[in-house]
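Taking it in order: structure first as structure tokens, then the write-up.
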Amino acid sequence: MSVLIRVARADEVPEVLALAVAFYAEDGFTTPARELAANLRVLMSSPAARVAVAVSEAAEPGVVGFAVTTTSFGLENGLIAELEDLFVVPSRRGAGVGRALIEDSVAWAAGAGCHHVELVVAPNGQDVSHLFDLYARFGFDDGGRRLLVREF
């Protein structure tokens, strides 16, 4: 089964939101669906972000995955991208959908002039060691930095 990777359309917000809610629940995040919906709409309209979807080209078409990539600018590296969210429906995992979404994110970032793409693996109390091996297969390595957060 093949998929088409493209920018999410406004009429697909409900489908992408449903996947985002499933992703956040699966990974132990607690952001409410209403906040995810509001943030998704902002990201979809931002030139500094790409919300890509993987659309099944099978007999039953539909969104089977999504990726959110954003850009930021800093003193050290200039323009960089972060692959912030990546989710593939469980029934399509291992079929290359995630790979296609990652490649799309990397291509978009390179086309935007980014220095590199980074991502954060957030354990949220779960064993996520398999993700380090997964992302290593796509050329990501541990940069040795730690993310420190101050909530307010």
Backbone HN-Hα couplings from phi across segment 42-57 [Karplus 6.51/-1.76/1.60, Hz, Gly and Pro as x]: 5, 4, 5, 9, 8, x, 8, 9, 10, 9, 9, 10, 9, 10, 5, 9
222 nm mean residue ellipticity, helices alone, for the chain (DSSP H n ≥ 4; -39,500 (n - 2.57); rounded to 500): -10500 deg cm²/dmol
Local electrostatic count at Ala67 - Lys and Arg +1, Asp and Glu -1, tallied over other residues with Cβ under 12 Å: -2
Gain in span if fully extended, Ala58 to Val13, counting 0.36 nm per residue against the direct Cα distance: 14.1 nm
Estimated dipole of the chain in Debye, rounded to 20 [Cβ of Lys and Arg +1, of Asp and Glu -1, Cα centre]: 160
Average Cα contact separation per residue, the chain, under 8 Å, 6 or more apart, as relative contact order %: 20
Equivalent ellipsoid dimensions for segment 53-152 as semi-axes, Å, which come from the Cα gyration tensor, largest first: 25, 18, 13
Dipole of segment 96-152, positive direction: furthest Cα of Gly98, His130, Val149, with charges on the beta-carbon: Val149
Projected label distance in nm at Glu76 and Val128, using a 7 Å step from Cα toward the beta-carbon: 1.9
Residues His116, His130 arranged by fewest to most Cβ contacts within 10 Å: His130, His116
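Quick note: the coordinates plus some simple rules give every number you see, no bench work behind them. Source: prediction; values computed, not measured. Note: ideal-geometry Cβ built from the backbone for every residue, glycine included; neighbour counts use all protein chains shown.
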